[in-house]
Structure formats: structure tokens, C-alpha cells
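Colleague: Pasting in a structure now, in C-alpha cells, and then I'll have a few things to ask.
The values are calculated or read from the model by the stated rules, or taken from the named source; none is laboratory data. Source: prediction; values computed, not measured. Positions of Cβ are generated from backbone atoms using ideal geometry, with glycine treated the same way; all protein chains shown enter the neighbour counts. The area values use the complete protein model at the heavy-atom level, side chains included, leaving out ligands, DNA and RNA. Shrake-Rupley method; radii C 1.70, N 1.55, O 1.52, S 1.80 Å.
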Amino acid sequence: MAADKDPRTPLCKYVKNYMKIHEQTENLKGKLADLKSCKQRIEEKVTAESRQVISPHLKPDVVEWLKNTEKIIEQAQDIEQKVKEAKMFSLKHFQREIQDVAKMIEEMEKLRRSGLELEGQKLVNEAPLARGVERTTTTLIGETMKKNMGEIWEYLTGNEVVKIGVCGMGGIGKTNIMEHINNKLRKDAHDKFEYVVWITVSQAFELVKLQEQIAAGLEVTLKEKNDTKIRAETLKKESAKKKFVLILDDMWEEIKLEEVGIPEPTKENGCKLVITTRSIDVCDLMKCKVLELKLLTAAEAWGLFSEKVGNINSDDPELEEIANSVLRQCAGLPLAIVTAAGSMKERHDIEVRRNALEELSQKKVDICKQLRISYDRLKEEKLRHCFLYCALYPEDFKISKNEITGSWIAVGLVDKRKSVQESYAEGLSILKIFVNNFLLESDGDGRWVKMHSLLRVMAVHITSDSPRFMIKSGLQLRKSPEEEEWEETNPERASLMWNEISEIPSNMSPNCPTLSTLLLQRNPVEKIPESFFVNMKELKLLNLSYTKVEALPSSISDLTNLRTLLLQFCEKLQHVPSLEKLSSLLTLDLRCTSIKKVPDGIEKLVNLTYLNLYSLKIDELPTGKELSQLKGLQELRIYWGKKTSAETVEEAARLNNLETFGGHFHKLDDFNLYVKSLEPERQAPKSYNLLLAPASEFDMSFPVKDVYMKDVTLWDFNISEGEGSVVIPSDVKRLKMNHCDVIRSLNDVMSRGRGLTVLCIHGCRNLQQLSSFKVLSGLTNLEVIDIKSCFEMKEIIAPDVKKQDEEGTSSSEKQIFLPKLRKLQLWFLPELESISKEEINCGVLREIDIRKCPKLRKLPLFVDPPPATTEIKIGKGLWESLEWENVNAKYDLHRHCQFMPYY
């Protein structure tokens, strides 16, 4: 038999291949071990050499060798594993891999030999730095600063943001954080930027000098000496060839890049611009991505202080008390903390450190010099005076925007315009300037501002010279300053607010010929002597609110320059002397006092723009004739009690200049009489707050808003026999009904009101339905429906009886369109069975909140598609029990549900 016919041949080949594979595999193992050992030695050498240089950079051939070695090691290990797991007669399935083993062994040997050569060479070089200057830095303390640095770095190394504005109040650490960024850019971003250019701009920069500094940083030669336009063209042309980061530190105003010769940073040219500034406005003008640095938290402040002062023993309560006192004064400002720590560093004795704490008062002067730059940069003298006025309030005090603006108007810092709204708008604009320049900070819900304690120290220091203030607010004083102190200070403004002064000496008569502002509010003072105001002829603003005075001295009648008299919440006040001579008076606030009649001479206050008579104790309101004399009145708030005359109500309606009206009506007839004055044919206030309720004090204040309010509240009122129904103004924006058991439907009080945006109904026990189909369909501007605790309510929208009898009604006529409805809130409606028999089309609905409505079976809302921000709060059991005509609607809305266990 021929050899090729031998039946044993296939078996012999299998055996031969099997032995060959394992022989090659064993060889592969040996080569693999040698290569791994070589790789380990090279990696150890890389690590050792990297420790010897500041910015390690692997040589390209080392990088390539490590990459190839890692790859072939993985391939070899893969083949080794396959051979190990394969059975003898299955090896034919990967013959190609077996054939490649020899090549792999050969390649591994080449890599090992080249690795041996590398071992004898230097593997790590010093990385090339981007051209620029190394900056001296101090340690960044706290997670907030590190997070800010990470955010700036991400913007610089990413592609989306090309201009960054780092802003915050003076001393907060803007320069420090950018010094860290500068150094990191030079070492770690050399492959992205060729140059890192740092320019300290400061206040009065010179264009020629700025061009020279940038040209030097970018290694550009400017031959022209004086022509800034030619220099700009040269600089722009040459710098366009380079990739750079330009850091402009301490900017105070916008710089036109085109005028300087800096190419506009773009994604395409790869250049970046970073500015540091104390003004958000500068960031906006430069079209920068704004990163606002915040004050340090208490923990971060302690960390910075501890690092700088050294040797803080937390077990020593006296030392800890001193440190905490220091940190309270620094109020989270890094500059102040570092300065204070420097005064206490290495002073181990408690007494010595206590002395250092006293030295901090002197150090504050140096800190304030740096902070004062922001104040000095305010362009108008008026702005500087407005800022200093804020220092009259106690430390860390929430200042009402309305109150401070009213004070500025009173003393003439804000112009008395034709419109109160315009005057207040100017005041709010000034406050925005202060906030944007970090001289004040917004607080709370936007109605308040605060002054940092060190900025206040700066302001107090300024006002010790010119203009001269006496600032003693919030110091828990029990006695008024002596006459000598008043006369020595000779203040233009004085603040004794928020103290414990209960008595002013009976013969006191401070000689203050320039005093224009006196703030005495929030003191328990009971009596003001007759002589006290005699020598204060220039007084423009007097605030006695929240005091316990029972009567004002008659000398107030002679303050002919007085523009604002604030007596609100003087609950014991029963007597105010004649105001006949106070013809300059703009603002008179008598709310919540105990006076029974308006002061004599009120009809002579022809310049009065604001009058608040909201007091339940006033029985005798101005007569219609007296009220008619106040032709300049723009804002009126008043309680119309049982003794109100129809003539007075009608006269109030004829005040043609009235912009804002707040009226609490005790009688339905008076309410309706006034509402009729709001019809289009009459001159109506642009903003009103109408309240129909029994005699009880309510908040009649108006929040700070950019738009006028038109607000009606019905609270616990009943209709007596013979009285008509309540009349609601046709242009009302917000309607609230609370505990009005007489109302069974919105139809009872409203058949019109296309402008209504907010509807709130709470605790109306006999309300069975909200409205008819017809009435609600007309409320096309409605944005909020809020119904709570109406225990008899069975349906929200009831079908019209007439429509029920009609036949052939189209589906579109049956659908209710509420195109602006964004919030539906239904709470504690135990009998509610139906929202509507018809579908409600509300395409912008954002929030549905349903609580304790166990009988509700349908949610006939058409939202197609639901906005991504839609939020549905509902009990899971109620949701699952709802019936749906459109199953898809349920699925669409389900993903927006937040199932609340207590709903």
C-alpha cells in the first residue's frame, strides 16, 4: 500500500502537530517571561527617573516600546490560554494561530533585545514648559476652591469655552487661584498652548503699555512706538500664528480686544482668555463664561486659619474662643483670614494672642484699603452715597430693597420721578450695580441685600470723616448718645436702630444742623422730649417705627424739610401733631398704630406720593374733600372700616395719579363701590391689592416685582340679606378665596376675567364646583389652579345645562382649552369625583399635585407631548385606580410620576 494511502497517516499528523504545538508553547512561555522581566525593569527605571525631574516626559521611543510590548504580551497570553484549554483532536480549529506562534516568538525576541538597549539609555526627559512666567502661590484651602480650580481647568483644556471670567469681591482669592492655574498650564498643557501670558491690568491701564506687555509675553516685536492702531495690527498678525492663554488679572472695565491687537479666541484658533475682576458686568461685556468665587465656609475658614497661624490647640477652649472670634470678624474672606493669622502666628501665650486679636482692628484698616478700591471705582458720587447709606444698618443685617430705596428717595439720592415705579426701578438698578460689583450680596428670595462685615467696616471708616455718619446700630445700647457726642460728630446721617434705648433725656436737644437722616426704629423708647427735634431743621427722613412712643412731640410739626415719616407698628402711638407745615413730605406711614383719626393738616401735604393708613384703630378717615387735595398721591394703602363714608371711597377712586392701591374693605358695598371705579372708562391703578374680610390685620405690603400686581382676596366674608353679589374687577390677575362659605361656585363671583393667571381657593366648605364650562373656558390666561380643603367639592368643571341639552356638539367645542395652565394643585378634597367631563387641553402643564382625593377617578388632561419638566405628585394607589379613555396618555404621564406615600 502506498504511503499516501496509509490509514495511520492522519493520526500521525495529529500526534506530530500536538507535540509541535506544545513545544512552541513552552518556548513562547520562556520568551514571554523574559519580555515581562525586561518590561518590569524599564518601568522601574522610568519611575526612578521621573522622581528626579519636575515635569517628567517619556521619550517617544520608550512610549512606543511599552505600547508594542503590552500588545504582544496580551496576544501571547491569549494563545497560551487557548492551547491550555483545547483538546487534542480540536487543535485543527486554530491552525492559523499555531502557524503565527513562530513569528510571535521572533517578534518577542526583537522587543527583548531593543528593551535591553533602552535599559542602558536615559528614558525620561524634562517636559517642555509653555513659555511664560512661574507665579508664586499660596496653598488653596477647602473643597470649594479646589472645585473652582477644577472647573477653570476643564474650561481651559476643553473646546467649548474660550473666554472665562473669574469674579468675586476683593480679597476672595481670584488672583491666587489663577496663579495656580498659570503654573499648571505651563507644566501640564504645553502640548495645547505654546504661551501662557499673565498681565496685571489694575485700574487705569494704558493701551500702549498693555500692548507692550502682551507682545513681550508672546515674543512679538513692536517697532512702532506711539501709533496704537499699527501696533495692534502687528500684534494681531503675529499672535495669530501662536496658541496661547492670556490671563488679564484685576480688570475693572471692558477692554476691546480688537483695539489691543488680541485675536478673538475661538475653537478654531485654540486660544483662550481668562480675566479676573470684581465686576460681573465686566465679565458680561467681555462675553465670558462667569465663574463667581464664594466666601469660605466655616470649616474652610478654620482650615485656612489653622494652616497660617500654626499650633492651634483645639483642646484649649480659651484659644478656640479667640480663634472663633477672629473668624467671625473675617466672615469667610481669605484675605482677612490670612492677615489675621499673620498677627497671631507663633504667638503661643494666650494673653499675647489676645493682644493680637486687638491688633486685628488695626489690620482691618489695611484690608479695607484693598476693599475700598471697589468703592472708589463707583463712577458717580450718588452711587457712593447710596452705598454708604447701607452701613447705617446693623452688621450682617438683611436690608429690605423696598426700604433702602424708599430711604434713598427721601434724602434725595434717587430722583423723585413722575412715577413711584420709576423711582423704585432706579433704586433697584443701583442695588444691582452694588451686587454685580460685590459691594452687596443678594439674600433670601430677592427682596433683601446684605453687606459683608468688612465692607461695612470700610464704609464706617469712610463715614468717620466725610460724609460724617453716627453709626451705632445693633449695639444693644441702653442710653442715647450724649449731646456732646452728637455735636462733636455733627452727623449728616445717624442710626441708633435695633438697640435697647428706652428713654431719651427730657431736656436733650442735640445741635445737628446738617442731620438729614435719623433712624431710631426698633428701640423700646416710650417718650421723645419736646426739645429733641428743635435743632434738626434739615431732617429729611425720620424713622420711629416699631417703637413704644405714645405721642409725638409738637416740634415735629416744624420739620419743614421732612420728606419721609415712618411710624409703622408703633402700636402705642395715639397722637400725631398737625402735619400742616410739612409740605415737603413724600411718604407717611401710619400702618398698625393706635391713632383713631388721621393727623390734622393731612390735606396740606400736596407733595405726598405714599400714604399708608392701614390701621384697624382709625375710625375717622380723611373726608372726600381732604383726600381730593392729595392730587400727587401715587400709592395708597388703607383700611375701610365700618364708619367709612361712600364719599371717601368714591374720592379715592378719583385719584387719577394713583399707581398702586391696597385696600382692606370691611363692607361689601364699599368693596363693590371701589371695584366699579376700576372699569376701563375710569382711571384705574396699575397695581392693586383688594381685600374683602372682617376686621383683622393682614399683610398689605407689596413685594418687589418688575410688574404690577392686580390681586383680589376674599377672606371669610358673608353676604347679608339685601346685599348684592361681590363684584370682581375684570382685569384681575390673581384671585384668592379663603373660608368663604357663602360661595358655591366661581360663577357666583366671576363671569369674566380673561386676564386671570392665578386662582387659589382654600377652605370654602360649601363650594361644590369650581366653575362652569363656559366661565372657565374664557380664562385662557390661567396659569395656576390651587384648590385646598373644600370638603363638599364634587367636580372642578361642571357642564353647562344648556350645552347638555344641545345635540350635535362637535368634539372641539366640548374640549376646554387652558393653553397657559402650568400648575394644578388639588389637596384635601374628600368628595371630589370629577375634574371635568370633557378633556382639558393644557399643553404646557408642568406640575400636577393631588393629595387626599380618594374618590377621584379620571384625570382628563390632554398634554401632548408632556414637557420634559412635568412633575406629577400623587399617591400610587390613586394613580393605579384612575380610569383612562386614552391609554397612551397614562403611559406618557406615568414616567413623570413621583408616588408619594402620604398622598
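Colleague: Please identify the pairs in which a residue from segment 705-722 that is at pLDDT 75 or above has its Cβ atom under 8 Å from the Cβ atom of a residue that is in a loop (DSSP other than H, G, I, E, B) and open to solvent by 80 Å² or more (accessible area, probe 1.4 Å), counting only partners at least 6 apart or on another chain.
Modeller: From residues that are at pLDDT 75 or above, the pairs are M709/K733; K710/K733; D711/K733; W715/H739; D716/H739.
Colleague: Another question, if that's okay. Just a yes or no: is a residue in segment 66-77 at pLDDT below 80 and either open to solvent by 70 Å² or more (accessible area, probe 1.4 Å) or within 24 Å of K103 (Cβ to Cβ) (or both)?
Modeller: Checked against the condition, which is being at pLDDT below 80 and either open to solvent by 70 Å² or more (accessible area, probe 1.4 Å) or within 24 Å of K103 (Cβ to Cβ) (or both), segment 66-77 yields no hits at all.
Colleague: Which numbered condition in (1) under 14 Å from S545 (Cα atoms); (2) surrounded by fewer than 21 Cβ atoms within 10 Å (Cβ to Cβ); (3) in contact with a helix residue (DSSP H, G or I) (Cβ under 9 Å, 6 or more places away or on another chain) is the only one that V576 fails?
Modeller: (2)
Colleague: Looking only at residues in segment 584-608 that are part of a loop (DSSP other than H, G, I, E, B), farther than 14 Å from Q568 by Cβ and of a type in the set (A, V, I, L, M), which one is most open to solvent (accessible area, probe 1.4 Å)?
Modeller: Residue satisfying both the conditions and the ranking: V606.
Colleague: Please determine, by comparing only the residues of segment 774-795 that are buried (at least 22 other Cβ atoms within 10 Å of the Cβ) and at pLDDT below 90, which one is nearest to Q815 (Cα to Cα).
Modeller: Ranking the candidates gives L776 first.
Colleague: Can K294 be described as open to solvent by 20 Å² or more (accessible area, probe 1.4 Å), assigned to a loop (DSSP other than H, G, I, E, B) and under 30 Å from I141 (Cβ atoms)?
Modeller: yes
Colleague: Looking only at segment 739-764, count how many residues are open to solvent by less than 20 Å² (accessible area, probe 1.4 Å), of a type outside the set (A, V, I, L, M, F, W, C) and within 22 Å of L829 (Cα to Cα).
Modeller: 2
Colleague: Tell me which of these A693 doesn't satisfy, since it passes every other one: (1) of a type in the set (G, A, S); (2) modelled with pLDDT under 85; (3) in contact with a strand residue (DSSP E or B) (Cβ under 9 Å, 6 or more places away or on another chain).
Modeller: Of (1) of a type in the set (G, A, S); (2) modelled with pLDDT under 85; (3) in contact with a strand residue (DSSP E or B) (Cβ under 9 Å, 6 or more places away or on another chain), only one is false for A693: (2).
Colleague: Among the residues of segment 857-897, write down those that are open to solvent by 70 Å² or more (accessible area, probe 1.4 Å), within 22 Å of F817 (Cα to Cα) and acidic (D, E).
Modeller: D864, E883, E885
Colleague: Answer yes or no as to whether V534 is open to solvent by 10 Å² or more (accessible area, probe 1.4 Å), among the aliphatic types (A, V, I, L, M) and assigned to a loop (DSSP other than H, G, I, E, B).
Modeller: Judged against the criteria, V534 is a match.
Colleague: To continue, here is another question. Given the structure, is I275 part of a loop (DSSP other than H, G, I, E, B) and surrounded by 14 or more Cβ atoms within 10 Å (Cβ to Cβ)?
Modeller: So I275 does not fit the description; no.
Colleague: Then there is this: Testing V309 on (1) within 26 Å of V161 (Cβ to Cβ); (2) out of contact with any Gly (no Cβ under 7 Å at 6 or more places or on another chain); (3) β-branched (V, I, T), one condition comes back false. Which one is that?
Modeller: Of (1) within 26 Å of V161 (Cβ to Cβ); (2) out of contact with any Gly (no Cβ under 7 Å at 6 or more places or on another chain); (3) β-branched (V, I, T), only one is false for V309: (1).
Colleague: Filter segment 540-573 down to the residues that are exposed (fewer than 15 other Cβ atoms within 10 Å of the Cβ), β-branched (V, I, T) and within 20 Å of L616 (Cβ to Cβ) and list them by number.
Modeller: Of everything in segment 540-573, nothing turns out to be exposed (fewer than 15 other Cβ atoms within 10 Å of the Cβ), β-branched (V, I, T) and within 20 Å of L616 (Cβ to Cβ).
Colleague: What's the number of the only condition in (1) open to solvent by less than 20 Å² (accessible area, probe 1.4 Å); (2) over 39 Å from the mean Cα position of the chain (by Cα); (3) closer than 21 Å to E783 by Cα that K837 fails to meet?
Modeller: Going through the list (1) open to solvent by less than 20 Å² (accessible area, probe 1.4 Å); (2) over 39 Å from the mean Cα position of the chain (by Cα); (3) closer than 21 Å to E783 by Cα, K837 breaks only (1).
Colleague: Those residues that are more than 33 Å from the chain's Cα centre (by Cα), loosely packed, with under 12 Cβ neighbours inside 10 Å and within 30 Å of W302 (Cα to Cα), I need them from segment 113-153; list them, please.
Modeller: T136, the sole residue that qualifies.
This table checks each residue for (1) closer than 26 Å to N437 by Cβ; (2) under 35 Å from the mean Cα position of the chain (by Cα).
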position: T157; (1), (2): no, yes
position: K163; (1), (2): yes, yes
position: G168; (1), (2): yes, yes
position: G173; (1), (2): yes, yes
position: W198; (1), (2): yes, yes
position: E212; (1), (2): no, no
position: K223; (1), (2): no, no
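Every residue, every condition in (1) closer than 15 Å to D249 by Cα; (2) in contact (Cβ under 8 Å) with a residue 60 or more places away in the chain; (3) in contact with a Leu (Cβ under 9 Å, 6 or more places away or on another chain); (4) open to solvent by less than 30 Å² (accessible area, probe 1.4 Å), yes or no:
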| residue | (1), (2), (3), (4) |
| --- | --- |
| Y155 | no, yes, yes, no |
| V161 | no, yes, no, yes |
| G173 | yes, yes, yes, yes |
| N176 | yes, yes, yes, no |
| H190 | no, yes, yes, no |
| F193 | no, yes, yes, yes |
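Colleague: In contact (Cβ under 8 Å) with a residue 12 or more places away in the chain, under 26 Å from the mean Cα position of the chain (by Cα), at negative phi and in a loop (DSSP other than H, G, I, E, B): is that true of E300 in this structure?
Modeller: no
Colleague: Within segment 207-239, how many residues turn out to be in a loop (DSSP other than H, G, I, E, B), under 29 Å from Y155 (Cα atoms) and open to solvent by less than 70 Å² (accessible area, probe 1.4 Å)?
Modeller: Number satisfying all stated conditions: 2.
Colleague: Sticking with this one: Of the residues that sit in segment 78-93 and are in contact with a Phe, Trp or Tyr (Cβ under 8 Å, 6 or more places away or on another chain), open to solvent by less than 80 Å² (accessible area, probe 1.4 Å) and part of a helix (DSSP H, G or I), which one is modelled with the lowest pLDDT?
Modeller: M88
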